[in-house]
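Encoded as structure tokens, the structure appears first; notes follow it.
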Amino acid sequence: MDQYDLVVKDARLVDPESTEIISASIGVREGFIAEISENIPSGGKVISAEGCFVCPGFIDTHMHDEDPDDPHTTQKALLRQGVTTGIAGNCGSGPLLEKIAPSRSKPWINIGYLTGHRALREEVGIPEEDRYRPATEEEISRMKELFLSELQKGSFGLSLGLEYAPNTSWDEIVSLSELVPSFPFRWVSSHIRYDGPRCIEGVEEMVSLSEVTGARVQLSHLGSMTAFGRSAEALDILHKAVSRGVDLTWDSYPYAAFCTFLGSAVFDPGFVERFSKPIDALEIASGLHAGKRMDRELFEKLRKEEPETLIIAHVMNEAEMRLVQKDPACAIASDAILLRGGGHPRAAGAFPRGILWLRQEGLSWNEAIRHATSIPAGMTWLDRGYLKPGSPADLVVFEPDLFRDMATFGNPLNPPEGIRYVIVNGKIAVQEGKVLEQPAGHFRLRK
């Protein structure tokens, strides 16, 4: 009789690669799914999943966890909503591995890092204040050497935040991106150069980048860039490019509001006209003024004195956000970003909310869960996101009738309801909404 470390009994399995929900139990051994069948003998620890669905742990290919001094807040928020694997360092902000690895030796989730373009710029002497300056040939050469070293050490690829470094030259991004295809299973993640009216230019630039370099390019939080009347057009461009062999993927989050730092180029002069929204569409998300709506006087004061303040911009069209989210190729991603506990509710609620959006749009449970598991796994060549023997035992046990996000703009870290257990690498990491004491994740390097 087989002995298992953990048995999840009497579950209804939501396999993202199936069209059916089946009743079975799961036997886990040494961090992997060893058996799926109706009759698994009890052994080791047993948890009952009666009345619950069990699916693979959610995979967040676009999140932020770059603060070496806080390895807990964002990861725990993601973990409580069922995320078991995340890729950080997006939007050009990924740190060098030697700077982040010491504080991530025992993560709460499985986590890997992209190398940030802006971090590379800073390393070669281009400060954030010079964000409008293109790099020189000599600086590009040094960035290439540095990025090559990061790829050799285990970086998952390159992240671009072109809206944050608006005049980055085409030569600069091509020179870095063309290094990526030489390393297996790496990609370029891109916060495109423009949101709002010019977003199609940004989408087309990334299509060209993939065509020219041969790199897989993931367009980050696509909906938040295009949900100003251009989402259907953007999706059409991307699908036509994919059909002719261009290696493109994309993700989105299920909110009609984005979040970023007040001092960034996003809020340089002209943003009110670009979004066609009044300044009070901006909500302060961190610091002493958290929860307040912006006025011009407060905007000028905080932008000068506290540029790191997080701002939530309620400016996108929700119908378009839903259109992007339900696209058959689109992964759910959180774009989680927090500052001293303040920020956007997507850090604690994006995956339950995104799955329920898809259910409201008519997708089956299997189809909706696919957008949080096997689709992002395929986009990033991860060996997770599936329910089959031999797969890592990353699992979410949830009650479908109670499953919903509870994080709000006023309380962004409220955990979701309905999640009974989250299992990471075969170990129970969350039980009835509470994160257990010992981290079960792995810091991952791409080999």
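The values are calculated or read from the model by the stated rules, or taken from the named source; none is laboratory data. Everything quoted here is computed from the prediction, not taken from an experiment. Here Cβ is always computed from backbone atoms with ideal geometry, including for glycine, and neighbour counts include all displayed protein chains. All accessible areas refer to the heavy atoms of the entire protein, side chains included, with ligands and DNA or RNA removed. Shrake-Rupley method; radii C 1.70, N 1.55, O 1.52, S 1.80 Å.
Would you calculate the separation in nanometres between label points at GLU128 and GLU50, each defined as 7 Å from the Cα along the Cα-to-beta-carbon direction?
5.4 nm
Would you give the gap between the C-alpha center of the range 25-74 and the C-alpha center of the range 417-447, rounded to a whole Å?
About 7 Å separates the Cα centre of the range 25-74 from the one of the range 417-447.
Between SER169 and ILE22, 0.36 nm times their residue separation minus their Cα-Cα distance comes to what?
Working: separation 147, 0.36 × 147 = 52.92 nm, distance 5.22 nm.
Answer, rounded to one decimal: 47.7 nm.
Between Rg and the Kirkwood Rh of the chain, both from Cα atoms, what is the Rg to Rh ratio? Write down the numbers at each step before the final one.
Details: Rg = 21.2 Å, Rh = 22.0 Å.
Checking Rg against Rh, the ratio lands at 0.96.
Does anyone have the angle between helix 296-305 and the longest principal axis of the chain? Alpha-carbon axes, 0 to 90°, nearest 10?
80 degrees
Whole-Hz ³J(HN,Hα) for each residue in the range 223-234, computed from phi via Karplus 6.51 cos²θ - 1.76 cosθ + 1.60 with θ = phi - 60°, x for glycine and proline: what do you get?
Result, ordered by residue: x, 5, 8, 10, 7, 10, x, 10, 5, 4, 5, 4 Hz.
At 1.4 Å probe size, with the rest of the protein present, what percent of the exposed accessible area of the chain is carbon and sulfur atoms?
Whole-percent figure for carbon plus sulfur exposure: 48.
With the cut-off at 32 Å, tell me which of the pairs LYS153/LYS434; LYS76/LYS99; LYS106/LYS292 have Cα atoms farther apart than that.
Details: LYS153/LYS434 34 Å; LYS76/LYS99 21 Å; LYS106/LYS292 36 Å.
Result: LYS153/LYS434; LYS106/LYS292 exceed 32 Å.
Under a crude label model (7 Å from the Cα following the beta-carbon direction), how far is ILE279 from PHE32 in nanometres?
Taking the simple label geometry, ILE279 and PHE32 are separated by 5.9 nm.
Name the long-range amide H neighbours of ALA165: under 5 Å, sequence gap of 5 or more, or other chain; modelled H, no Pro or chain starts.
Residues meeting the amide H criterion: none.
Between the range 184-241 and the range 326-396, what's the alpha-carbon centroid distance in Å?
The range 184-241 and the range 326-396 have Cα centres separated by 20 Å.
Would you mind telling me the antiparallel percentage of the DSSP bridges in the chain, rounded to 5?
55 percent
Which shape class, rounded, prolate or oblate, goes with the range 315-447 when its Cα gyration tensor gives a ≥ b ≥ c as root eigenvalues, a/c under 1.5 marks rounded, and past that a/b bigger than b/c marks prolate? Provide the component values of the computation, followed by the final result.
Values: a/c = 1.43, a/b = 1.14, b/c = 1.26.
Rounded, since a/c falls under 1.5.
For the range 1-98, what is the accessible area per residue in Å² when the probe is 1.4 Å?
Numbers: 3670 Å² over 98 residues.
Per residue, the range 1-98 has 37 Å² of solvent-accessible surface.
Excluding ALA227 itself, calculate the net charge of residues whose Cβ lies under 10 Å from the Cβ of ALA227, where each Lys or Arg counts +1 and each Asp or Glu counts -1. Before the final figure, lay out each step's value.
Values: positive: ARG230, ARG322; negative: ASP195, GLU318, GLU320.
Overall, the nearby charge balance is -1.
Which values of log₁₀ I(q)/I(0), to two decimal places, follow from the Debye formula for the range 54-198 at q = 0.11, 0.14, 0.19, 0.20 Å⁻¹ with a uniform point scatterer at every Cα?
Each listed q maps to, in turn, -0.42, -0.66, -1.11, -1.20.
Given H placed on each backbone N at 1.01 Å, which residues far from VAL430 in sequence or on other chains put an amide H within less than 5 Å of it?
Placed amide hydrogens put VAL422, LEU436 under 5 Å from VAL430.
How much accessible area per residue does the range 197-299 have, in Å², with a 1.4 Å probe?
Numbers: 3910 Å² over 103 residues.
In whole numbers, the range 197-299 has 38 Å² accessible per residue.
In vacuum, with every alpha carbon of the range 54-108 counted as one equal point scatterer, what does the Debye formula give for log10 I(q)/I(0) at q = 0.22, 0.24, 0.29 Å⁻¹? Two decimals, please.
After summing over all Cα pairs, the log10 values are -0.85, -0.98, -1.29.
Please quote Rg/Rh for the range 140-186 to two decimal places, taking the Kirkwood radius as Rh and restricting both calculations to Cα atoms.
Numbers: Rg = 10.7 Å, Rh = 11.2 Å.
Expressed as Rg/Rh, it is 0.96.
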